[in-house]
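The values are calculated or read from the model by the stated rules, or taken from the named source; none is laboratory data. The structure presented is a predicted model; accordingly, all values stated were derived computationally and were not measured. Methodologically, a virtual Cβ is constructed for each residue, glycine included, from the backbone with ideal geometry; neighbour enumeration extends over all protein chains shown.
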Amino acid sequence: MKKLVLSDIHEQLGAKMVDFAGYYMPIQYDGVKIEHNTVRNSVGVFDVSHMGEVFVEGEKALDFLQYICSNDVSKLKIGDVQYSYFPNNDGGIVDDFLLYMVDVNKYLLVINASNIDKDLKWINSNNKYNCEINNQSDNYSLLAVQGPKSIELLQQLTKEKLSEIKYYNFKKVHIAGIEDVLISRTGYTGELGFELYVRNEDVESLWKSIFNTEIEIKPIGLAARDTLRLEKGYCLYGNDINERTSPIEAGLGWVTKFNKNFINCDNLKDQKNGNTVNKLVGIELIDRGVARKDYDIIDEQNNIIGIVTSGTMSPTLSKAIALGYIKKEFSKIETIIYIKVRNKNIKAKITKLPFV
């Protein structure tokens, strides 16, 4: 396992550490519910330095990214961030990621930790535009400060007016005495928040400064990150989307732009025009129980009509929620379905997203 720069600090704070995507990661500190509610109501910080950072640069960087990305990269200006994915040749998804326009002909892709090697292979194999591909994943750390008090906290560490950074925008700032920290108004929690990209040698100083403000803040682990994102209906690669799932069925049509030519666009356009079988939906359990990944979804006649991809007990709602793919004819809101939990059929219903 790879260790984060701050691994020793997480252990000193009492974190339960686990292997996640080949990294030694804190999964929880004080408990999932406490950490979840801290982010919803105040502010917490995640060490998500396992994420990958890959720079793409060159005169034809835009043309290259237009070809391998689903979204319309031409819409970006310097300082903009865009959510996108890499379509594969078989109708599935290589990875989903954030794309930053750093400068003219220079972009930063923030990719999932479990996919770094696979993504690099995919990017390089499709690089017919002579772009420079620079993997800096081992040189950067990433802290996500999330929650309604995140601006108030971080504003104590910088003269930059953070309230002026719009959603899905970023700036390079001087913060906590550290130069050139890339701070973006993004996150995976659905709350007000920022993600800070910092050189490895500066991350410990930044972490300590964040915990030394007048605003009380807690460290938050991966477990709460998962419950937070699930309450907002955000997809998790490896669960809700993967190499075999259709991005259209997954509800990613909004970041699939057909005003350009990109990998497998004709197939995806056909799907967008209605040629799909399943749909990713929100599920709320009515009976007691929790739906887990890979549990079957069935109808009243015990026919399998879908599969659960993510599930948890929602700390905010105090009820079990899930995401899953289901045949489109069963996807109407309030439709009654059942989750196969061992030998029991647990009653549930289709509900609108986000849950919270």
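Data table
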| quantity | calculated |
| --- | --- |
| Test set (1) within 17 Å of K218 (Cα to Cα); (2) among the basic types (K, R); (3) over 19 Å from the mean Cα position of the chain (by Cα) - R40 fails condition number | (3) |
| Members of the stretch 28-56 that are polar (S, T, N, Q) and under 28 Å from V102 (Cβ atoms) | S49 |
| Qualifying residue in the stretch 43-52 (condition: outside any strand (DSSP E or B), surrounded by 16 or more Cβ atoms within 10 Å (Cβ to Cβ) and among the acidic types (D, E)) | no |
| Meets criteria (more than 15 Å from E243 (Cα to Cα), part of a loop (DSSP other than H, G, I, E, B) and of a type in the set (A, V, I, L, M, F, W, C)) for I34 | no |
| Pairs with Cβ under 6 Å, 6+ apart, first in the stretch 310-325 and within 14 Å of R292 (Cα to Cα), second among the acidic types (D, E) and in a strand (DSSP E or B) | I321/E284 |
| Unmet criterion (only one of (1) touching a Lys or Arg at 6+ places or on another chain (Cβ under 6 Å); (2) outside any loop (DSSP other than H, G, I, E, B)) for I333 | (2) |
| Residue within the stretch 134-150 that is assigned by TED's automatic domain parsing to the domain that holds Y23, farther than 26 Å from Y237 by Cβ and either in a helix (DSSP H, G or I) or modelled with pLDDT under 95 (or both) present | no |
| Residue within the stretch 285-292 that is in a loop (DSSP other than H, G, I, E, B), surrounded by fewer than 17 Cβ atoms within 10 Å (Cβ to Cβ), charged (D, E, K, R) and without any contact (Cβ under 8 Å) to a residue 12 or more places away in the chain present | no |
| Verdict on K349 being assigned to a strand (DSSP E or B), more than 19 Å from R229 (Cα to Cα) and not hydrophobic (A, V, I, L, M, F, W, C) | yes |
| Members of the stretch 1-26 that are closer than 22 Å to Y197 by Cβ and among the polar types (S, T, N, Q) | S7 |
| Sole residue being in a loop (DSSP other than H, G, I, E, B), surrounded by 20 or more Cβ atoms within 10 Å (Cβ to Cβ) and touching a residue at least 24 places away in the same chain (Cβ under 8 Å), chosen from L157, L153 | L157 |
| Residue, farthest from the chain's Cα centre (by Cα), within the stretch 299-311, restricted to residues that are crowded, with 20+ Cβ neighbours inside 10 Å and farther than 15 Å from T335 by Cα | V308 |
